[in-house]
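FYI, it's all coordinate maths here, none of it is from the lab. Quick caveat, the model's predicted, so the values are computed rather than measured. All Cβ positions, even for glycine, are placed from backbone atoms using ideal geometry, and neighbour counts span all protein chains on display.
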Ligand SMILES: Cc1cc2nc3c(=O)[nH]c(=O)nc-3n(C[C@H](O)[C@H](O)[C@H](O)COP(=O)(O)OP(=O)(O)OC[C@H]3O[C@@H](n4cnc5c(N)ncnc54)[C@H](O)[C@@H]3O)c2cc1C
């Protein structure tokens, strides 16, 4: 069992409410997202009408308590939403999930005033949000953030540049990380802070759009901060605690990237299987060739292993088990790499049709590659897993 305690640590419990919720998200995805897949690929824009529909259905507020404008629900429900939406249109999954990278830090570290002013409108679907951490020179190394916030009477002045910010061109509110005291080389993570910045603040601008290989319709932007004033009331958590605020939010959100990847792998698997029983080569269905059958069985094995890991991590998070953050790195890494592998295999099963844009399989590979990079590249997840393991071992040694 090492490093876990006993067999109960591997339990995943799902109720009827999870099943009913899955059915309703699937219905929304198939009725509202399926018809726009090719339009989004072509235009690189997600139609506002579909975003409004998701807001009306309360999808943005899933996982947020009702007293803060949300629908309630747990991490397993959020994972179900991420999986089902991403099975059809992964970029729409990203659009919904990024709001949680704003809401979660406020729910975990924010004041009651911040929750009622900012979480409520986002969870109720009246506003959208974004998370601005990455910079042109800093991604994985969160502690290396250069954007700076200077204390002034009544607030802070922020200067800096953020890169690859999802939802930036739609968001009303942003959580922005900035350095509030000089870097201590012995403890680089110290001295960061997080702030809420409203769209339209003086000196706050959305810069160039990045043209990334996948997630069409949800391409990130630069965010430029030039002497932006934010009041003291918009500091999230204590000054200097920004690193903790950011990485704690990622502990939860990377479970949802795992779920997004499960959705992508599910779509690729279904497409490959369906094609293999329809397409004929040498006068026989593709599925009758062992080489194809092996490929499809391997896809299913990896897909189901990813699903189990993802819902296991979500269940541990719902149980508030401390091991969940290690499980979330395992789930994110395994599932996103599975999605990439399964999408690539699905293209091969389709032969020439697989690389024809109109078939719609190759977009799954492009989308899956991004999941291996954002919200903590998988190399960083591997480091997190190993460091968590060392921490667990040293705790055991202290206790013995
Ligand atoms: C489509 C998209 C949307 C995004 N949305 C957002 C967003 O909304 N908000 C936001 O803040 N950011 C966002 N990002 C940024 C994303 O989180 C970063 O790209 C990611 O964290 C990796 O950082 P980086 O690109 O700077 O790569 P780097 O940190 O430069 O890493 C480059 C490579 O080196 C590896 N590497 C780095 N350090 C180590 C190490 N110590 N050990 C081993 N390997 C290492 C990495 O795994 C990677 O393979 C988005 C990115 C993309 C592509």
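Rounded to the nearest angstrom and listed largest first, the equivalent-ellipsoid semi-axes of region 233-383 from its Cα gyration tensor are 37, 16, 10. The convex hull built on the alpha-carbon positions of region 129-239 has an orientation-averaged projected area of 7.0 nm². Across the chain, C-alpha contacts under 8 Å between residues 6 or more apart give a mean separation that, scaled by the residue count, equals a relative contact order of 16 percent.
DSSP finds beta bridges in region 129-239, and of those with both partners inside it, around 85 percent are antiparallel. Sorted into 10 angstrom bins from 0, the C-alpha pair distances of the chain split as 5, 22, 32, 25, 12, 3, 1, 0 percent. Dividing the mean sequence gap of close Cα pairs (under 8 Å, 6+ apart) by how many residues region 129-239 holds gives a relative contact order of 32 percent.
Dividing the C-alpha radius of gyration of region 7-123 by 2.2 N^0.38 Å, with N its residue count, gives 1.13. Each of 109, 269, 386 was scored by other Cβ atoms within 10 Å of its Cβ. Listed from fewest to most, they are 386, 109, 269. When only Cα pairs below 8 angstrom with a gap of at least 6 residues are kept, region 337-385 shows a relative contact order of 32 percent.
For a label point 7 Å from the Cα of residue 377 along Cα→C-beta, name the residues of region 206-223 whose backbone N is under 17 Å from it. Counting backbone N atoms under 17 Å from the label point, the list is 212-214.
Neighbour counts of other Cβ atoms within 10 Å put 141, 9, 104, 74 in the fewest-to-most order 141, 9, 74, 104. Estimated purely from DSSP H runs of n ≥ 4, each contributing -39500 (n - 2.57), the mean residue ellipticity at 222 nm for the chain is -16000 deg cm²/dmol once divided by its residues. Ordered by the count of other Cβ atoms within 10 Å of each Cβ, fewest first, 32, 288 give 288, 32. Given a 10 angstrom Cα cut-off, can you work out which residue in 114, 278, 66 is the most mobile in a GNM of the chain? Ranking 114, 278, 66 by mean-square fluctuation puts 278 first.
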